[in-house]
Amino acid sequence: MDDRLKPFEEKMGKSYDNLLSEFGSIRAGRANPHVLDRITVDYYGTPTPIQQVANVSVPEPRMIQISPWEPAMVKAIEKAILSSDLGINPTNDGKMIRLVFPELTEERRKELAKDVKKKGETAKVAVRNIRRDANDTFKKLSKSADISEDEIKDLEDEAQKLTDRFIKQIDEAVATKSKEIMTV
């Protein structure tokens, strides 16, 4: 692959990775500790991810258990979860917090599947925008440098192949996540 395509491939890869991390935070009826990734708790004045102030485990398929290393953190973690968009009420026994994930209704599953498709489309648009930027860069090269039209055409073809590859990966990720959500 041409070195001039590397930065664009990296950007497309980042768009894809971002999509996967967004999918990780969508709960599919099973307890997944990654739903807590975006939630931060105030730890001595610093916003800190829950995983850095507590042990997070999944003792049952639909339950997450959070055991803070400092008992004083129970209230702060509970407050952070309640103020997040998780939509689950935590229960605590003074030492640990439990999050019980209810079964998803058919309607909620369809809603989540739509959300997954929307996020997939957003990622595809980002990849296509990166391709457009690449093509613009190559056109500017043709005006300034000693580069032939054939070389420009080859670079644009490579950029298109790169785009096709990432769009295929995004479609596969969307299909996998939608299937996971719709599985009861």
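The values are calculated or read from the model by the stated rules, or taken from the named source; none is laboratory data. Everything numeric here is computed off the predicted structure, so don't read it as measured data. Cβ: placed from backbone, ideal geometry, glycine included. Neighbour counts: every protein chain shown. The area values use the complete protein model at the heavy-atom level, side chains included, leaving out ligands, DNA and RNA. Shrake-Rupley method; radii C 1.70, N 1.55, O 1.52, S 1.80 Å.
Quick notes on this one:
- Being acidic (D, E), at pLDDT 85 or above and open to solvent by 20 Å² or more (accessible area, probe 1.4 Å) is a property that holds for E111.
- The single condition among (1) in contact with a Ser or Thr (Cβ under 9 Å, 6 or more places away or on another chain); (2) in a helix (DSSP H, G or I); (3) of a type in the set (D, E, K, R) that D42 does not meet is (2).
- Looking only at region 170-184, and only at residues there that are free of Cβ contacts under 8 Å to residues at least 40 places away in the same chain and of a type in the set (D, E, K, R), the one that is farthest from E121 (Cα to Cα): K179
- Only a single item in (1) in contact with a Lys or Arg (Cβ under 8 Å, 6 or more places away or on another chain); (2) open to solvent by 90 Å² or more (accessible area, probe 1.4 Å); (3) not β-branched (V, I, T) is not met by D150, and it is number (1).
- Considered as a group, the residues in region 77-123 that are touching a Gly at 6+ places or on another chain (Cβ under 8 Å) and hydrophobic (A, V, I, L, M, F, W, C) include one that is farthest from T46 (Cα to Cα), and that residue is L104.
- Looking across region 155-169 at every residue that is of a type outside the set (K, R), free of Cβ contacts under 8 Å to residues at least 60 places away in the same chain and more than 17 Å from K14 (Cβ to Cβ), the one that is most open to solvent (accessible area, probe 1.4 Å) is identified as D164.
- Filtered residues of region 33-48 (kept if open to solvent by less than 40 Å² (accessible area, probe 1.4 Å) and not hydroxyl-bearing (S, T, Y)): V35, L36, I39, V41
- Pairs with Cβ under 7 Å, 6+ apart, first in region 67-88 and under 16 Å from V100 (Cα atoms) and free of Cβ contacts under 8 Å to residues at least 24 places away in the same chain, second of a type in the set (S, T, N, Q) and loosely packed, with under 14 Cβ neighbours inside 10 Å: none
- Selection of region 90-103 for residues being open to solvent by 20 Å² or more (accessible area, probe 1.4 Å) and either within 14 Å of V35 (Cα to Cα) or modelled with pLDDT under 85 (or both) yields G94, R98, V100, P102, E103.
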